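To start, the structure under review is shown below, and the notes come after it.
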Amino acid sequence: MGFRFRKSISIIPGVRVNLSNSGASMSVGPRGASVSFGKRGTYANLGLPGTGLSYRTRLDRASAASRQRSAGRQEDPRLRAELEREVEQLNDAVEEIIDIHLLTPDPRSGHTFDELEAHYRELMLRPYSVPAPVRPQKPFPLPEPEQPGENQGSGFIGRLFESAAAKQERLNQNQQRWRREVEDWQRENDLALKRYQELRQRWAEQYADWQHESAHHQKQLELAGSSISSQFARDTYYFESLLAEVIQAADWPRETLVSFQVKPASSEILIDVDLPEAEDMPTSSVRVNARGTEIIEKELSQKAVRERYARHIHGILLRLTGMAFCALPFETVKISGFTQRISKQTGHLDDEYILSARINRSAFERLNFFSLEDVDPVAAFDRFDLQRKMSATFIFQPVTPFA
């Protein structure tokens, strides 16, 4: 069964996910020309900028109707140029999918054990970086309200005609207002002082905890410093995190599920990958018709489709192997690919492994990474320990993967 290993991730960067009532599908390729993989088939999607025209055709089953659409159209050099440009982009997008091995990284460009250990030491022996709690600032007291004068609340002219009783009433109101302001002032100052005292007490407790944590961290650093090398050599989580980061950063033409596990003690990386189905591959190519008015399809032979599929799935394994060797300076990668097939015994969908390889780093590094276009991904696996039952016409039979 697939996904024998504990860590599983889904690679989907660079893929546009389209959601509809009929389910999700995925598209790859340049803007205006893309290839979509979905449960209803593989389609070419073309948009012709400036023309208002769009085109969609199924690539995993040739459409006879597309060859009949050119009847009512007039020849137009501008339309032909646009169609040829879109067809070229589309064919390039398909070729990038088939020849995914061209993106295999050179493992010699990865980090060495010494570099990784230095990085690990930096992570583990990083000084205590939590900032100390900030001591609260003592509040400044609010200014005391000024006591009202005898003439406050009356104008210059009003004082000349103010009676003794009215004056006394005004002075009494001023005094009452001032006393209320004094009470409010005292209350605000008392509250501010109380809040400060509470914050000060809380800060003192937090600062004591911070000092304790800082001292404990420093003590742990001193204890770990002497054993960091042995700890690094067996820290499976650290190595798997590095590998996961590299795999998830990849641009991939379809959602690809990968499970993996690293074994530092034996210098091994174990990988399982859910391969696409042969039925997902385009079964036709596209070109512009002779009049330059329509994009038409040419159905490929079954052998040609199966050869495309074989190149693609070997390329997937080749690229993942390169990424694994690039991420980790280990000696061996055991990588296996499986597909879903309907079991003749149960009628249920089962996982069947069709490709498995045990690849040594030195053998992998002998590939010419400066000219991967000259590397046949199918033939490249003949250099490795291989479990594969593939006929001359690229038909795969189930195999038992490397343990």
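The values are calculated or read from the model by the stated rules, or taken from the named source; none is laboratory data. The model shown is predicted, which means the values in this text are computed figures rather than measured ones. Glycine gets a Cβ as well: all are built from the backbone with ideal geometry, and neighbour counts include every protein chain shown.
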Contact list, first residue from region 347-363 and in the same structural domain as Ile335 (by TED's automatic domain parsing), second anywhere and part of a strand (DSSP E or B) and aromatic (Phe, Trp, Tyr), beta-carbon distance below 7 Å, six or more apart or interchain, is Asp351/Phe338; Glu352/Phe338; Tyr353/Phe338; Ile354/Phe338; Ile354/Phe396
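Kindly indicate whether Met281 is in the same structural domain as Glu365 (by TED's automatic domain parsing) and in contact with a Lys or Arg (Cβ under 6 Å, 6 or more places away or on another chain).
On the way: in the same structural domain as Glu365 (by TED's automatic domain parsing): yes; in contact with a Lys or Arg (Cβ under 6 Å, 6 or more places away or on another chain): yes.
For Met281, the condition - in the same structural domain as Glu365 (by TED's automatic domain parsing) and in contact with a Lys or Arg (Cβ under 6 Å, 6 or more places away or on another chain) - is met.
Residue-wise test of (1) β-branched (Val, Ile, Thr); (2) at pLDDT 90 or above; (3) surrounded by fewer than 16 Cβ atoms within 10 Å (Cβ to Cβ).
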{"residue": "Lys219", "(1), (2), (3)": "no, no, yes"}
{"residue": "Glu255", "(1), (2), (3)": "no, no, yes"}
{"residue": "Val262", "(1), (2), (3)": "yes, yes, no"}
{"residue": "Glu279", "(1), (2), (3)": "no, no, yes"}
{"residue": "Val286", "(1), (2), (3)": "yes, no, no"}
State yes or no: is Ile342 touching an Asp or Glu at 6+ places or on another chain (Cβ under 9 Å), surrounded by 13 or more Cβ atoms within 10 Å (Cβ to Cβ) and either under 28 Å from Thr112 (Cβ atoms) or at pLDDT below 95 (or both)? no
Of the residues that make up region 232-240, is at least one at pLDDT below 90, in the same structural domain as Asp114 (by TED's automatic domain parsing) and of a type in the set (Val, Ile, Thr)? no
Within the set of pairs 6 or more residues apart or between chains, which connect a residue that is over 30 Å from Ala265 (Cα atoms) inside region 89-113 to a residue that is assigned to a helix (DSSP H, G or I) and not β-branched (Val, Ile, Thr) with Cβ atoms less than 6 Å apart? Ile98/Arg308; Ile98/Arg311; Ile98/His312; Ile100/Gly315; Ile100/Arg319; Leu102/Leu372
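Within region 376-385, is there a residue that is in a strand (DSSP E or B) and under 20 Å from Phe5 (Cβ atoms)?
Filtering region 376-385 for residues in a strand (DSSP E or B) gives 385.
Pick out the ones that are also under 20 Å from Phe5 (Cβ atoms) and you get 385.
The answer is yes, given that some residue of region 376-385 is in a strand (DSSP E or B) and under 20 Å from Phe5 (Cβ atoms).
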Quick check on my filter: what residues within region 304-341 are of a type in the set (Gly, Ala, Ser) and part of a helix (DSSP H, G or I)? Ala304, Ala310, Gly315, Gly322, Ala324, Ala327
Test of understanding: among Leu270, Leu328, which residue is of a type outside the set (S, T, N, Q), touching a His at 6+ places or on another chain (Cβ under 9 Å) and on the phi < 0 side of the Ramachandran plot? Leu328
Check on Ala403, among the small types (Gly, Ala, Ser), outside any helix (DSSP H, G or I), assigned by TED's automatic domain parsing to the domain that holds Ile97 and over 24 Å from Leu102 (Cβ atoms): no
In region 311-332, residue surrounded by the fewest Cβ atoms within 10 Å (Cβ to Cβ) [restricted to those that are more than 16 Å from Leu367 (Cα to Cα) and touching a strand residue (DSSP E or B) at 6+ places or on another chain (Cβ under 7 Å)]: Phe330
Go through (1) part of a helix (DSSP H, G or I); (2) more than 33 Å from the chain's Cα centre (by Cα) and name the single condition Glu297 misses. (1)
If Phe113 satisfies every condition in (1) of a type in the set (Phe, Trp, Tyr); (2) more than 27 Å from the chain's Cα centre (by Cα); (3) not assigned by TED's automatic domain parsing to the domain that holds Gln197 but one, which is the exception? (2)
